[in-house]
Amino acid sequence: MRGKKIHIFDTSLRDGEQVPGCKLNTKQKLDIAKNLEYLGVDVIEAGFPISSPGDYKSVQYISKTISNTIVCALSRAVKKDIEVAGESIKFAKKPRIHTGIGTSDCHIRYKFNSTPEKIMDLAINAVKYAKKFVEDVEFYAEDAGRTKNEFLAKICEKVIKYGATVINIADTTGSCLPEQYGKKIRFLMENVKGIHKIILSTHCHDDLGLATANSLYGIINGAQQVECTVNGIGERAGNTSLEEIVMIIKQNKKLNLITNVNTKLISYISNLVSKHTGMIIPANKAIVGINAFSHSSGIHQDGVIKKKETYESIDPKEVGVNNSSIILTARSGRAALNYRYQQLGCFLNKDSLDLVYSKFIEYADKKKEINNEELKTILKKSNLNQHNGTIKIV
Ligand code: KIV
Ligand code: ZN
């Protein structure tokens, strides 16, 4: 049983790059795009071509280089934007224009000083115009999270009628709760004529730390595409993390969903994006943080040494991390210390271990973490030979 396919739309190069200070040059963008293709994402949002000549050039290079993945260019619901987006992806084997407009009362009133009727016309005209350049047109309803479902349904129905192939229900301000976002998607699936002909997409921001949960509720309720970024980078608090949503789908077979992502390349792409953008990955970040597969407290270490599954729900190899690690701190116990000495080829009997452990705790109380060099020093200072001489260094 294969499960329903969820399309992974990566926007690291567009929404991700909107993070202050994480400007990428064309070479870096190309490198990331090529690696996203190896990773197996379905869509690469390469940029917002009207925004700058540099971005235009990057989108154009990516379009010429990428062969199997859809290359998407963002535009506002503005003729010139759409023309430039269309031009920038004209060499792509699989081009997509992503155009749209704010649909919430707040956006209509304060951003556009407009009316729902006028916004509806702009949306229709944008899709119609984008269709002149490409077959594959994605429409985004910006701030759909705060848009009334009835109006959102009307707009969706109209843009489908004029040829939208994908509709993005953006929780732009990250304000939805998972159940609420899920219900919104379900409402659209049940009330929009033609919705089954197109792909409904989630695009969730992490202002309340709910981006991944909201995307999950979106796909459980019928969405077939998730927009996300590597390491969750993006405007303000960021977007849904690619690695999180992909691993949630992979780990939970009961969801009966699949993606095309080769998860063994996740650690590699995560480090690559971090290196090029300069955005440091928080140590405790799910899946890709340095601590995601590290165990430091004695109770957990003892469990993991006996059987990994006691404190690990994901096999690190699944995301391209060779092994989990046992970190030695003042919270570690004898089992962890013994394990680390064994990794150094040093086997201690119970009495030796007791002796070394008391020395270790003296050191560990003064330090954050004890490394291999320090372990060797601790061993020397423990005068084991005098004690009982039972270590074997192999
Ligand atoms: O968050 C958002 O609404 C966006 C749109 C431009 C799709 O990024
Ligand atoms: Zn966004």
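The values are calculated or read from the model by the stated rules, or taken from the named source; none is laboratory data. Predicted model, so just to flag it, every value in this text is computed and none were measured. Glycine also receives a Cβ, built like all others from the backbone with ideal geometry; neighbour counts cover every protein chain displayed. Side chains are part of the model used for accessible areas, which takes the heavy atoms of the whole protein and leaves out ligands, DNA and RNA. Shrake-Rupley method; radii C 1.70, N 1.55, O 1.52, S 1.80 Å.
Under the simplified labelling scheme, the K34-S52 pair shows an inter-label distance of 2.3 nm, with each label point 7 Å from Cα along Cα→Cβ. Amide hydrogen proximity for I101: with H placed 1.01 Å from N in the peptide plane, the residues at 5 or more positions away or on another chain lying under 5 Å are Y140, E142. Straight Cα distances below 17 angstrom link K64 to the aspartates and glutamates D31, E37, D42, E45, D55, E87, with same-chain residues fewer than 8 positions distant left out.
Charge tally around C106: other residues with Cβ under 10 Å, Lys/Arg +1 each, Asp/Glu -1 each, net +1.
With all protein chains kept in place, the per residue accessible area of the stretch 297-392 amounts to 59 square angstrom at a probe of 1.4 angstrom. The angle separating the long axis of helix 53-65 from the principal Cα axis of greatest extent in the chain is about 80 degrees. From the square roots a ≥ b ≥ c of the eigenvalues of the alpha-carbon gyration tensor of the stretch 114-187, which class results: rounded (a/c under 1.5), prolate (a/b over b/c), or oblate? Prolate. Of the solvent-accessible surface of the chain, computed with a 1.4 Å probe and all protein chains present, 52% belongs to carbon and sulfur. Here the Karplus curve 6.51 cos²θ - 1.76 cosθ + 1.60, taken at θ = phi - 60°, turns the phi angles of the stretch 205-213 into couplings of 9, 9, 4, 10, x, 10, 4, 5, 4 Hz, with x standing for Gly and Pro. For the stretch 4-277, dividing the convex hull volume of the Cα atoms by the residue count gives 111 Å³ per residue. Rounded to two decimals, the Cα radius of gyration of the stretch 161-301 over 2.2 N^0.38 Å is 1.14. Whole-Hz Karplus values for the stretch 293-305 come out as 10, 10, 10, 10, 8, x, 4, 5, 4, 4, x, 5, 5 Hz, taken residue by residue from phi with 6.51 cos²θ - 1.76 cosθ + 1.60 and θ = phi - 60°; glycine and proline positions read x. Using only Cα atoms, find the angle between the long axis of helix 149-161 and the longest principal axis of the chain, and express it within 0 to 90 degrees, rounded to the nearest 10. The two axes meet at around 70 degrees. Mean residue ellipticity, 222 nm, helices only, the chain: the sum of -39500 (n - 2.57) across DSSP H runs of n ≥ 4, divided by residue count and rounded to 500, is -12500 deg cm²/dmol.
Shown are D351, D302, D365, whose ranking by accessible area with a 1.4 Å probe and every protein chain present, most to least, is D365, D351, D302. Segment K193..K90, full-extension length gain: 34.0 nm, with 0.36 nm per residue of separation and the alpha-carbon distance subtracted. For the chain, the relative contact order works out to 14 percent when only alpha carbon pairs closer than 8 Å and six or more residues apart are counted. Please report the spacing between the Cα centers of the stretch 59-120 and the stretch 238-266 in Å, no decimals. The distance from the Cα centre of the stretch 59-120 to that of the stretch 238-266 comes to 26 Å. Using alpha carbons only, how many degrees (0 to 90, rounded to 10) separate the axis of helix 116-130 from the longest principal axis of the chain? That works out to roughly 80 degrees. Taking amide H as placed 1.01 Å from N in the peptide plane, the amide H of A170 sits under 5 Å from that of A141, D143, A144, G145, each at least 5 places away or on another chain. With the alpha-carbon atoms of the stretch 297-392 aligned to their principal axes, the span from lowest to highest coordinate is 45, 27, 21 Å, starting with the largest. Straight-line reach from K183: taking Cα to Cα under 26 Å and skipping same-chain neighbours fewer than 8 places apart, the lysines in range are K4, K5, K148, K154, K158, K161, K193, K197, K250, K253, K254. A Förster radius of 35 Å combined with the Cβ-Cβ distance from K79 to D105 puts the calculated FRET efficiency at roughly 0.85. Backbone geometry of the stretch 16-25 corresponds, through the Karplus equation with coefficients 6.51, -1.76 and 1.60 at θ = phi - 60°, to 3J(HN,Hα) couplings of x, 6, 6, 5, x, x, 10, 4, 10, 8 Hz, x marking Gly and Pro. In a fully extended conformation the segment linking N113 and K148 would gain 10.8 nm over its present Cα-Cα distance, using 0.36 nm per residue.
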